[in-house]
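We did not get these values from a lab; they are worked out from the coordinates using the rules stated. Remember, it's a predicted structure, so these values are computed and weren't measured experimentally. Every residue, glycine among them, receives a Cβ derived from its backbone with ideal geometry; neighbour counts consider all protein chains shown.
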Amino acid sequence: MPSNLLSNLQIELLKLYSTDLPEPELIELKILLANYFAQKAIQGADRIWEEKPLFSHDMETWLNE
């Protein structure tokens, strides 16, 4: 069994939970995290797009699956 059941991200987020943020700052943090993960997803998709000969109709097919 792993000695640490939480990921490094989970540990860091738990540290944040001890901070009582005002609602506007909490919303700002949520947006910051959402933007970070959205950017990572976009970068991953761009990498796949560059590695494989994909076309716009491929993307349309994927969106409709």
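Taking the Cα centre as origin and putting +1 on Lys and Arg beta-carbons and -1 on Asp and Glu beta-carbons, what dipole magnitude results for segment 21-63, to the nearest 20 debye? Kindly include the intermediate steps, with their values, before the conclusion.
Values: 4 positive and 8 negative charges, 25 e Å.
Around 120 debye, computed over segment 21-63.
Can you list the lysines whose alpha carbon is less than 20 Å from that of Lys40, not counting same-chain residues fewer than 8 positions off?
Lys30, Lys52
Where in the chain are there chymotrypsin sites (Phe, Trp or Tyr not before Pro) that are in a DSSP coil and have at most 13 other Cβ atoms within 10 angstrom of their Cβ? Please list the in-between numbers first.
Values: sites: Tyr17, Tyr36, Phe37, Trp49, Phe55, Trp62; in loops: Phe55.
When the chymotrypsin sites (Phe, Trp or Tyr not before Pro) of the chain are filtered for loop state and at most 13 Cβ neighbours within 10 Å, Phe55 remain.
Run the helix sum for the chain: -39,500 (n - 2.57) per DSSP H stretch of 4+ residues, divided by residue count, reported at 222 nm to the nearest 500 deg cm²/dmol. Provide the component values of the computation, followed by the final result.
Working: 3 runs with 47 residues, N = 65.
The per-residue figure over the chain is -24000 deg cm²/dmol.
Could you please tell me the mean projected area of the C-alpha convex hull for the chain, averaged over all directions and given in square nanometres to one decimal? Before the final figure, lay out the partial values.
Numbers: hull surface 31.9 nm².
Quarter of the Cα hull surface area: 8.0 nm².
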